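A quick write-up on the structure given underneath.
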Protein chains: 2
Amino acid sequence: MKTVIAMGVMIVGVLFLAGCCSVCPGSPKPVVKRIQMVTGIKPEKIAYYKELHAHPWPAVTKMIQDCHIRNFSISLKQIEGKYYLFGYFEYVGTDLDADMKRMAADPETQRWWKETDPCQSPLPDAASKGKVWDNMDEVYFLK
Amino acid sequence: MKTVIAMGVMIVGVLFLAGCCSVCPGSPKPVVKRIQMVTGIKPEKIAYYKELHAHPWPAVTKMIQDCHIRNFSISLKQIEGKYYLFGYFEYVGTDLDADMKRMAADPETQRWWKETDPCQSPLPDAASKGKVWDNMDEVYFLK
């Protein structure tokens, strides 16, 4: 009887640890990176951009999640007569560059970007690098 | 023996539920609100603003946390030759207005704002309401 109970406790313990640890021992430990970014949006494309993002394509959503992006929000704001999109997300993986390349290589994501890219009007820094979004510099964080 | 095991299982169950539920039964259930906001910053004040936020005052930090604000980050970005601050936070309380009023009434927070306000240059919408930060409109969210 004691052996059965001990085995039960051991199994529960192993299941608990498996639930708590998302990383295998020895693998790089992910550190949450917060990314804030900005791009312009063409006024005549705001309605379509909103419509797209009210019903995002499931395969695109899955790819974002597979690439270790969490808590991703995009907001719209007019500043000095021009419209901008502001993005915030948390990266919970261990290789942001590799995940971004993986996302860029995904055919469904490429098809999605064919819809969103013509809506956006990148700032000069991003445009000069062939990118859409410009990253910002974090000056404060409180958990 | 069976009774002892049953009691053990019950205790573990109660502890598990207590750990999962952060709200007392009957009290309003908090829903996380994500806030993205923007304000201008005077170029000559950027260094001082960064210095302040690299060493925030403990009483101000405590008041922010007591007012149910979590995951609060502020980033800096230059857009079309002007500098802006972009804030992101999550509100986990049940009465945002009441918490904001509580924060505004706190003497240490008022003393902190006497340092930060002269650094900032609010957008017209915020300025017309006597506010510093302008809220944005969320168009997308992926958990």
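Quick notes on this structure:
- Single condition residue B:94 does not satisfy, out of (1) touching a Pro at 6+ places or on another chain (Cβ under 7 Å); (2) within 11 Å of chain A (Cβ to nearest Cβ); (3) not hydrophobic (A, V, I, L, M, F, W, C): (2)
- Residue selection: residue A:60 satisfies the criterion of being within 11 Å of chain B (Cβ to nearest Cβ) and surrounded by 18 or more Cβ atoms within 10 Å (Cβ to Cβ).
- Of the residues making up the stretch B:126-143, those that are within 13 Å of chain A (Cβ to nearest Cβ), under 14 Å from residue B:40 (Cα atoms) and in contact with a helix residue (DSSP H, G or I) (Cβ under 7 Å, 6 or more places away or on another chain) are B:133, B:134.
- Qualifying residue in the stretch B:109-120 (condition: facing chain A (nearest Cβ under 10 Å), surrounded by 15 or more Cβ atoms within 10 Å (Cβ to Cβ) and under 15 Å from the mean Cα position of the chain (by Cα)): no
- All of B:48, B:83 fail the test of being surrounded by 14 or more Cβ atoms within 10 Å (Cβ to Cβ), hydroxyl-bearing (Ser, Thr, Tyr), within 12 Å of chain A (Cβ to nearest Cβ) and within 23 Å of residue A:38 (Cα to Cα), apart from B:83.
- Residue tally, condition more than 24 Å from residue B:71 (Cβ to Cβ) and either touching a residue at least 60 places away in the same chain (Cβ under 8 Å) or assigned to a helix (DSSP H, G or I) (or both), over the stretch B:25-61: 6
- Consider the stretch B:99-108 and keep the residues that are among the aliphatic types (A, V, I, L, M) and surrounded by fewer than 16 Cβ atoms within 10 Å (Cβ to Cβ). The one that is farthest from the chain's Cα centre (by Cα) is B:105.
- Meets criteria (in the same structural domain as residue A:59 (by TED's automatic domain parsing), farther than 30 Å from residue B:70 by Cα and among the polar types (S, T, N, Q)) for residue A:94: no
The values are calculated or read from the model by the stated rules, or taken from the named source; none is laboratory data. Predicted model only: the values in this text are computed from it and were never measured. Positions of Cβ are backbone-derived with ideal geometry, glycine not excepted, and every protein chain shown enters the neighbour counts.
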